[in-house]
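Some notes on the structure that comes next.
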Amino acid sequence: MLTIAISSLSGGQGKTTAALMLGRLLSRQGYPTLMIDADPQHNLTTYLDLDLEDNQPTLLEFLKKSVSVEDSIYPTASNDNLFLIPADDQLDTVQDYLSNSGVGATLLKRRLEPVAETFQVCIIDAPPQRSQICLTVIGAADTLVVPVEASVKGYGSLVRTLDLLQTLQDVGATDAQVLGILPFRDRWIGNTQTQESRSAVDGMREEVGEDLVLPSIRESERYKQAINRRSTLGDLGYHELEYPFEVLIEKISQRLKIKKPKK
Ligand SMILES: Nc1ncnc2c1ncn2[C@@H]1O[C@H](COP(=O)(O)OP(=O)(O)OP(=O)(O)O)[C@@H](O)[C@H]1O
Ligand SMILES: [Mg+2]
């Protein structure tokens, strides 16, 4: 299983949008995919239409090992290959548990070991804060996708995320590297990219190098439409907007070939 953290240390950078679109496409293409909602705001759980009763297990119980692994993994209505470990707002209470455990950074990774042969890809929607949950998510990741708004705020988020990754690499808490930076809400007017978007995307290229910057997610209501209608961009007739994800999936399939073919 290749574990991909979708992480960016600011709100509204496109983490949940990217996680959702990527998960839907990968699972459709035949990759058994596990999604994990690691954000107490639980938007991913909402968008995947999982209506949980109060007593049903979520990522909180999965991390605390108070239920079996299988009991916290739910099928989704969207696709036979797409599964979810959901969250609710109680997830915040796991922060103390993680910091008191002394092994918080490796906890999620170890909990996922029993399903490493069941799924080919695991996509984790990380929270926007540099919290204990965020550390355990990056600790579990083989690789990172960093969505970054094409704005000054986005650039700050990129720098903070790379800084955290470097810190965790330095102390041996993760081996993860960045798979790609995904510019988000790149604004064009007709055939012209706005000045702000252009300089933001240029800044990303300078920070990480050309090769790591993926094609942009354009500023467009159509992404929200796809999310709200529980659909894919392609199914709504907007195939060209899926291009950034096609490029990303190509990178993921290369990584899977290198990693270990599934038996
Ligand atoms: N292409 C797009 N253009 C404009 N807005 C978009 C686009 N795609 C998604 N959005 C909207 O942008 C907002 C932020 O996106 P999203 O929720 O994915 O960010 P996030 O990083 O997960 O935020 P948070 O840190 O709060 O979890 C959402 O309201 C979403 O509907
Ligand atoms: Mg989110």
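For the chain, a Gaussian network of Cα nodes joined below 10 Å ranks Gln177, Gln129, Gln56 by mean-square fluctuation, and the top entry is Gln56. Could you give the distance between the Cα centres of region 1-70 and region 83-131, to the whole Å? The two parts, judged by their Cα centres, are 10 Å apart.
Amide H contacts under 5 Å for Thr3: Cys122, Asp142, Thr143, restricted to partners 5 or more places along the chain or on a different chain, H placed in the peptide plane at 1.01 Å from N.
Given R0 = 51 Å, the distance between the Cβ atoms of Asn100 and Thr194 translates into a calculated FRET efficiency of 0.60. Couplings for region 41-48, taken from phi via the Karplus curve 6.51 cos²θ - 1.76 cosθ + 1.60 with θ = phi - 60°, read 5, 6, 5, 4, 4, 5, 5, 8 Hz in order; Gly and Pro are left as x.
Would you mind working out the magnitude of the charge dipole of region 2-259 relative to its Cα centre, with +1 at each Lys and Arg C-beta and -1 at each Asp and Glu C-beta, to the nearest 20 Debye?
On the way: 24 positive and 36 negative charges, 82 e Å.
Once rounded to the nearest 20, the dipole reads 400 debye.
For region 2-259, which whole percent of the accessible surface, found with a 1.4 angstrom probe, sits on carbon and sulfur atoms? Mind showing how you got there, number by number?
Working: 5220 of 11470 Å².
That fraction is 45 percent.
Accessible surface computed residue by residue for region 2-259, with neighbouring protein chains in place and a 1.4 Å probe, gives 44 Å² per residue. Between the helical axis of 15-28 and the longest alpha-carbon principal axis of the chain there is an angle of about 80 degrees. Report summary: the helix-based calculation at 222 nm, which adds -39500 (n - 2.57) for every DSSP H run with n ≥ 4 and divides by the residues of the chain, gives -12500 deg cm²/dmol.
Farthest toward the positive end of the dipole of region 2-259, out of Ser157, Pro40, Leu82, is the Cα of Ser157, where the dipole comes from beta carbon charges about the Cα centre.
I need the chymotrypsin sites (Phe, Trp or Tyr not before Pro) found in region 181-242, filtered to DSSP loop residues with at most 16 other beta carbons within 10 Å of theirs. List each step's numbers first, then the result.
Details: sites: Phe184, Trp188, Tyr223, Tyr238; in loops: Tyr238.
In loop regions of region 181-242 (DSSP not H, G, I, E or B), the sparsely surrounded chymotrypsin sites (Phe, Trp or Tyr not before Pro) are Tyr238.
Between the Cα long axis of helix 152-170 and the first principal axis of the chain there is an angle of about 40°, rounded to the nearest 10. Apply the a/c threshold of 1.5 to the C-alpha gyration tensor of the chain and tell me whether it is rounded, prolate or oblate. Prolate, since a/c reaches 1.5 and a/b exceeds b/c. Looking at region 1-75, the trypsin sites (Lys or Arg not before Pro) that sit in a DSSP loop and have at most 13 other Cβ atoms within 10 Å of their own Cβ are Lys65.
The values are calculated or read from the model by the stated rules, or taken from the named source; none is laboratory data. From a predicted model like this one, the values you see are computed outputs, not experimental measurements. For neighbour counting, all protein chains shown are included, and Cβ atoms are generated from backbone atoms with ideal geometry for every residue, glycine included. Keep in mind that these areas ignore ligands, DNA and RNA; they rest on the heavy atoms of the full protein, side chains included. Shrake-Rupley method; radii C 1.70, N 1.55, O 1.52, S 1.80 Å.
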